[in-house]
Amino acid sequence: MSDIAKFIFGFKRFQKDYFCADSTVFQNLREEQKPRALLIGCSDSRVDPALLTGCAPGELFVVRNVANLVPPCEDDGGHHGVSAAVEFAVRSLEVEHIIVLGHCNCGGIKALLRVGGGGRSGAFIDAWVDIAAKARDQVLEELSTRDANVQQRACEQAAILISLENLLSFPWVRERVEAGKLYLHGWYFDFESGELFSYLPETKAFELLVPRCP
Ligand SMILES: [Zn+2]
């Protein structure tokens, strides 16, 4: 089956489950969506947010980009797609949680490290991943003697913290977090082991949230 035929077959299966017979899922979603969380994930095909979290249509508001990054709040009239999505999720949908979901073997973070070593990945990619340049510089300094895999994983996790920090640069995010109306989460999915980690401010580390299969 060709790729496109596979996608059309997949849509027909989706249509059958959600629109045919007695399915009322989209009847209830026709007028409005009320997701309780915004998830900022990577564009990587291996880390599909709805699939990973078992969410049905309407349950998760999602932004995906290279290396699951959030830029700082920049009110300069530019084309800020991620900031627009965060603004809509927080101010209009009033989500209660924002999850920044990073992952292992991230090509975007590889590009960030490559740029740090004087390499290039592409004009748009290099400029985009530069959002997490501080994370890279910190990792390369603190783990200068460690191998590339250790540096990569540390940089993937440090970049999540940069995005969480940048989220707080949006005044309406900070306000809601301080009022206890909005909770920020930093998650890390390791698809080599199948484990999920969550950042704990108390230990300043990514702690196991879901262990590997028994
Ligand atoms: Zn990635």
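Where a number appears in this text, it was derived from the coordinates with a stated rule and is not lab data. The structure displayed is predicted, hence computed values, not measured ones. Note: ideal-geometry Cβ built from the backbone for every residue, glycine included; neighbour counts use all protein chains shown.
Quick one: compute the contact order of the stretch 99-185, relative version, from alpha carbon pairs under 8 angstrom and 6+ residues apart, as a percent.
Details: 70 pairs, mean separation 29.3, N = 87.
The value is 34 percent.
At a threshold of 8 angstrom on Cα-Cα distance, excluding pairs fewer than six apart, so keeping six or more, what relative contact order does the stretch 34-210 reach in percent?
Details: 287 pairs, mean separation 41.8, N = 177.
Computed over the stretch 34-210, the figure is 24 percent.
Per-residue counts of other Cβ atoms within 10 Å, averaged by peptide: what ranking do you get for 85-95, 137-147, highest first? Walk me through the intermediate numbers first.
On the way: 85-95: 17.4, 137-147: 12.8.
Top to bottom by mean Cβ count within 10 Å: 85-95, 137-147.
Expressed in nm to one decimal, what extension gain is obtained for the pair residue 172 and residue 105 from 0.36 nm per residue of sequence separation less their Cα-Cα distance? Before the final figure, lay out each step's value.
Values: separation 67, 0.36 × 67 = 24.12 nm, distance 3.28 nm.
Fully extending the segment from residue 172 to residue 105 adds 20.8 nm.
Fewest to most neighbouring Cβ within 10 Å: what's the order for 55, 213, 106?
Details: 55 15, 213 7, 106 24.
Result, fewest neighbours first: 213, 55, 106.
Under DSSP H, which helices of the chain have Cα atoms covering 18 Å or more of the helix axis and a Kyte-Doolittle average no less than -0.5?
Numbers: long enough: 3-18 (22 Å, -0.40); 148-167 (28 Å, 0.23).
Those that clear 18 Å and a mean of -0.5 are 3-18, 148-167.
Using the count of nearby Cβ atoms within 10 Å as a rough guide to exposure, how do 42, 20 rank from fewest to most?
Details: 42 24, 20 9.
Result, fewest neighbours first: 20, 42.
Suppose we take every Cα in the stretch 109-214 and form the convex hull; what volume per residue is that in Å³? Walk me through the numbers on the way to the answer.
Details: hull volume 14.1 nm³, N = 106.
Once divided by residue count, the hull of the stretch 109-214 is 133 Å³.
How many percent of DSSP beta bridges within the chain run antiparallel, rounded to 5? Let's see the in-between values first.
Numbers: 9 of 26 bridges.
Around 35 percent of the beta bridges assigned by DSSP in the chain are antiparallel ones.
Which entries in the list 34/204; 34/134; 181/204 go over 30 Å, if you measure between the two C-alpha atoms of each? The partial results should precede the final answer.
On the way: 34/204 32 Å; 34/134 35 Å; 181/204 23 Å.
Beyond 30 Å between Cα atoms: 34/204; 34/134.
Can you grab the distance from the C-alpha centre of the stretch 1-75 to the C-alpha centre of the stretch 109-134, Å, no decimals?
Value for the Cα centre distance between the two parts: 28 Å.
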